[in-house]
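What follows is calculated from the coordinates using simple rules that are stated; it is not laboratory data. Model, not experiment: these values are computed from the prediction. Quick reminder, even Gly has a Cβ in these numbers, built from the backbone with ideal geometry, and neighbours come from all protein chains shown.
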Amino acid sequence: MNIDHRVIALIDMDCFYVQVEQRLQPEFLGKPCGVSQYYTWKGGGLIAVNYEARDFGVKRGMRGEQAKELCPDFHIFHVQEVNGKANLNRYRDASADVFRVLNANFKLVEKASIDEAYIDLTEDVQKLKDKKLQLTINDFSTTHLAGFTTKTEDERIEILNKWLNDCQLDDEKRNYDLLLGAYLIEQIRKKIKDQTGFFCSAGIARNKILAKLCCGFNKPKKQTIFTQSDIDHIFDKTPVQKIQGLGGKAGERVVELFQVEYIGQLRKYSLDMLQTSMGEKDGCWLFNLIRGIETTPVSNRNLYKSISASKNFPGKTCLDTIDKIRTWCYNLAEDVFNRLEKDRAENKRRAKLLTVICTLATNETITRSCPINEYSIDRFANDTLRILKQYNKNSLTSNIYTPVIHHIGISAGKFLDNINTKSIADLFSKQTTKIETITSTENIINCQEEEEEEEDNNTEENILEKPTTTTLPIQGDFFRKFQKFDEQTKIQLKSENKTTTSSSSITSFFSRYTSNENILNCSPNKIDDHYITCSKCHKSILIWNMPEHEDFHYAHELQIEENKTNSIIKSSKTIKRKNTNQTLDSFINKKSKM
DNA sequence: CATTAGGGAGCG
DNA sequence: CGCTCCCTA
Ligand SMILES: Nc1ncnc2c1ncn2[C@H]1C[C@H](O)[C@@H](COP(=O)(O)OP(=O)(O)OP(=O)(O)O)O1
Ligand SMILES: [Mn+2]
Ligand SMILES: [Mn+2]
């Protein structure tokens with residue numbers, strides 16, 4: 001099967017938590033509503049807002065009170081509280097209702113979040129083809145085309161009808177597959193509505209990124225088809241940050257380093273240039289993406305990989321005594337315990353690792369793990385407490401805890417199946433020698449078993465290229481590049497996962513030691529706030545992006561000389577620098593706020 | 001004083 | 001592996 005010939009759908013529930021609440025209290029259907037947590041503080045923070053309320057400008061993240069100002073009839077549902085803590089089980093259960101419908105109707109369904117699923121429809125579409133259905137506009141009553149924005153229903157029908165006839169008569173553009181996919185999704189959305197009461201929207205495309213993107217084009221209660229011929233003209237107007245995976249720092253890097261606003265503007269850059277700036281893997285992923293190619297498979301995972309409970313204790317609500325901390329350890333442990341027991345009964349598996357996360361007044365976040373030998377509230381709570389006590393600077397006899405705690409989280413993961421199916425037994429046999437010790441080998445197997453992991457090239461090369469030196473963040477990239485000349489080259493461009501740019505070493509370097517002098521050293525030219533002017537192109541560049549920007553010119557020059565020497569650039573893995581300013585900012589902001 | 005989740009990659 | 005950082009709902 002050609003990876004470009006897949007049919008992928010992304011289904012996303014409309015204002016999901018609100019619909020869950022409205023299903024319980026139908027008298028609020030049609031009225032502007034939202035869901036908030038912790039209503040004591042200014043009406044609580046809204047985590048979901050329905051479309052009626054959005055018309056008034058109410059948005060997620062607003063306070064309940066603020067929403068009331070914009071929309072006096074706004075109704076606020078409150079997340080259930082148990083032991084003084086938000087409990088999201090109602091939404092998890094509603095999510096399970098939806099996924100039961102999906103899993104009953106499709107083979108390959110990936111739970112991407114509490115309210116969305118990717119479905120690989122490729123096979124279903126092929127089967128449907130044999131039936132030679134005569135489809136009409138009535139089979140597509142909520143379908144839109146990503147390439148056309150229609151103002152009226154008549155217009156939608158006119159345009160869709162034309163397209164429908166086109167691809168049924170002559171499938172030169174291979175759009176018929178997408179049409180059948182859209183047909184299947186119209187059906188399943190109707191089933192979801194009938195069997196759960198919930199409305200949803202969907203995107204249908206040839207890969208996950210496009211399906212996700214276009215799902216948002218027409219909401220609520222609608223679905224959108226994104227054809228391959230839409231790629232160029234839509235990407236030319238799609239802000240970089242709208243692409244999943246580029247909503248954060250990676251997207252900022254793209255915008256800064258290439259001086260672009262829309263993802264389509266990257267088309268003029270060579271693979272080498274993208275890789276030089278973004279790294280081999282991400283550069284390759286971007287290069288393909290903007291040509292409509294993205295090969296991340298829909299995985300078959302239906303179950304959670306971790307079950308966690310956490311709570312913030314901002315400002316004066318901080319935990320400053322052992323007694324308070326113990327109480328919250330128990331509250332969180334109980335929530336996790338209840339969900340783990342349910343999970344064990346339903347899924348015949350047990351979590352083997354407990355991870356405790358806390359944020360202290362010093363603004364450090366600490367993460368520590370310990371094995372789970374038995375599901376028990378006491379044990380979860382006491383393990384958590386024991387770990388937290390290790391960071392108490394006060395005397396062990398005192399009830400006072402310093403520094404105060406602003407966040408605690410407990411997470412259970414590393415699930416191990418109880419039942420020895422043949423395949424699992426086989427997998428175990430390989431490293432049976434050390435089972436007892438919760439060690440992770442088994443867990444890895446477990447993970448890999450449910451995940452794709454089909455072809456796993458790159459590892460060898462990556463290891464070879466791992467930069468072993470801690471480079472100072474000072475115009476280092478040129479230097480490093482030449483150091484790498486001798487490296488054997490090749491490197492199959494197969495990598496397709498985007499994500500992450502991180503560099504903990506550099507971050508901590510800055511957080512710990514610097515003040516501006518170190519940062520200023522990076523900049524050859526003039527400092528104008530955080531920007532400097534590049535001597536080559538005279539554009540304003542954020543100073544911490546300057547080294548990559550220089551790489552960019554370097555790559556550009558090489559390219560202009562039309563020589564290949566691909567290997568050199570390809571094999572140079574950029575050490576990713578961090579947006580130091582932002583790191584420090586958030587450090588300071590958090591500190592001052594908490 | 002946005003909160004409470006959850007998934008994943010890279011580093012040592 | 002454990003842990004940190006990143007990205008998303
Ligand atoms: N930042 C958040 N914090 C806590 N819960 C969130 C957050 N974002 C989303 N959720 C929850 C509430 C949402 O109803 C649910 C699904 O999110 P999402 O699909 O992004 O929006 P939505 O379903 O409310 O509206 P939409 O119709 O736009 O999809 O997840
Ligand atoms: Mn949604
Ligand atoms: Mn969603």
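Overview of results
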read-out: Whichever residue in the range A:51-81 is among the basic types (K, R) and within 15 Å of A:V18 (Cα to Cα) and, among such residues, is nearest to DNA strand C (Cβ to nearest atom); value: A:R60
read-out: Total residues in the range A:114-151, condition without any contact (Cβ under 8 Å) to a residue 60 or more places away in the chain and at negative phi; value: 20
read-out: Helices (runs of 4 or more DSSP H) contained entirely in the range A:31-134, each with at least 2 residues that are within 16 Å of ligand 2 (Cβ to nearest atom); value: A:51-54, A:89-105
read-out: Hits in the range A:197-211 (condition: aliphatic (A, V, I, L, M), away from ligand 2 (no atom under 16 Å from the Cβ) and closer than 13 Å to A:I243 by Cα); value: A:I209, A:L210
read-out: Among (1) in contact (Cβ under 8 Å) with a residue 60 or more places away in the chain; (2) within 12 Å of ligand 1 (Cβ to nearest atom); (3) under 22 Å from the mean Cα position of the chain (by Cα) - the single one A:A48 does not satisfy; value: (1)
read-out: Residue satisfying condition, being near DNA strand B (Cβ under 9 Å from one of its atoms) and closer than 30 Å to A:I307 by Cβ, within set A:I114, A:I76; value: A:I114
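Okay, residues lined up against (1) within 16 Å of ligand 3 (Cβ to nearest atom); (2) more than 18 Å from A:E116 (Cα to Cα); (3) basic (K, R):
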{"site": "A:N2", "(1), (2), (3)": "no, yes, no"}
{"site": "A:V7", "(1), (2), (3)": "no, no, no"}
{"site": "A:Q22", "(1), (2), (3)": "no, yes, no"}
{"site": "A:E27", "(1), (2), (3)": "no, yes, no"}
{"site": "A:C33", "(1), (2), (3)": "no, yes, no"}
{"site": "A:L46", "(1), (2), (3)": "yes, yes, no"}
